[in-house]
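J.: Please find one structure pasted underneath; my questions will follow.
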Amino acid sequence: MTRCTIEDFTYRTITGDGGVKLNVAIGGQGPAVVLLHGFPQTHYMWRHVAHTLADDHTVIVPDLRGYGASDQPPADNPESYSKRTMANDIVAVAREIGFDHFGLVGHDRGALVAVRAGLDHPDAVDYLGILDVLPTMDTWAVLQGVNAKVAWHLYLMAQPAGMPEKMIAAVAPEFFGSFLDAWDPTGTTFTPEERDHYVTSSINSVDSIVADYRATAGIDLDMDLADRERGARLTMPVAVISQDWGSQLGFDASALWQAWAPDLTYQGTTSGHFMAEENPDEIAGFITELAARIPADQP
């Protein structure tokens, strides 16, 4: 497998929830910001943004459990890949590096982990950045009927264990490569080596990737519904940047996020899904502006 690493960053293996070993890149110095990747990618997607932020931040960039060079624990119970467990991983990583609180930014799957961390660990998360995803419960609400075809992979990987893994493994290069190609409107975001890194890493992680998605249709959804019922909210500054899916599919993404985050800013982008690589300056600026919203008296 092509192993892509972030140049000039130090790599450590750090223990997360339940003894899972996580591959973590660390660079820079200053207040901490943790960057979480999405599907079908690894921590490497943050390479450009990480270098910019490292000028005045300690930048922590892990592979999520089940992805990249991190452990792939068996999905022998629903909690194995719940976003709560994955959020616990991230808090443990930051604490091991020396930070009890940190900024947290996630893309795609990583954003769902980040949101769960913000709900479960509000004292640890200084601010929360979300790239190109909807809240879990709202995703299932809006992607119904003909709209479901834009996210058909969600429904495939939500099925009981066994068949989805076999189907994906049978055509894994085409399956994972199709998302990298379809979601890159410029067709120039990835070099051949970078594309190969993401595809090969995903091929080696089929079971754990499916388990991550399956959790979103089960235990993660249950947790979000329970939080909505009890009135839980994200209490830190939150910023969302996203493509304009709402106008295509008939929903107001800003309003959906506002229900979770009273202190919200929302902005659109003309970049594609892989915006941190297509337009890293835009995303670095987005994060810098978000970090500036921390109250002046916050330690």
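J.: With an 8 Å cut-off on Cα pairs and a minimum separation of 6 or more residues, tell me the relative contact order of segment 22-111 in percent.
T.: Once divided by the residue count of segment 22-111, the mean separation gives 40 percent.
J.: Nearest 5 is fine: what % of DSSP beta bridges in the chain come out antiparallel, could you say?
T.: For the chain, the DSSP antiparallel bridge percentage is about 35.
J.: Go through 171-179, 184-192 and give me the packing order, highest mean Cβ count within 10 Å leading.
T.: Ranking, from highest mean packing down: 171-179, 184-192.
J.: Just how large is the dipole of segment 166-299 about the Cα centre, in debye to the nearest 20, putting +1 at every Lys and Arg Cβ and -1 at every Asp and Glu Cβ?
T.: That gives a dipole near 400 debye.
J.: Mind jotting down a quarter of the surface of the convex hull over the alpha carbons of the chain, in square nanometres, one decimal?
T.: Average of the hull's projected areas for the chain equals 14.2 nm².
J.: Now for a separate question. With only alpha-carbon pairs counted, each pair once and no self-pairs, how large is the Kirkwood hydrodynamic radius of segment 181-244 in angstroms?
T.: Evaluated over segment 181-244, this radius sits at 15.5 Å.
J.: Rounded, prolate or oblate: pick one for segment 53-145, where a ≥ b ≥ c are the square roots of the eigenvalues of its C-alpha gyration tensor, a/c under 1.5 means rounded, and failing that, prolate if a/b is larger than b/c, else oblate.
T.: Oblate, because a/c is 1.5 or more while a/b does not exceed b/c.
J.: Segment 5-56 to segment 59-78: how many Å between their Cα centroids?
T.: Taking the Cα centre of each part, segment 5-56 and segment 59-78 sit 13 Å apart.
J.: On to the next question. Quick check on the chain: helices-only [θ] at 222 nm, where DSSP H runs of length 4 and up contribute -39,500 (n - 2.57) each and the sum goes over total residues. Nearest 500, please.
T.: -12000 deg cm²/dmol
Every number here is computed from the coordinates shown, using simple stated rules; none is lab data. Quick caveat, the model's predicted, so the values are computed rather than measured. Neighbour counts run over all protein chains shown; Cβ positions are idealised from the backbone, glycine included.
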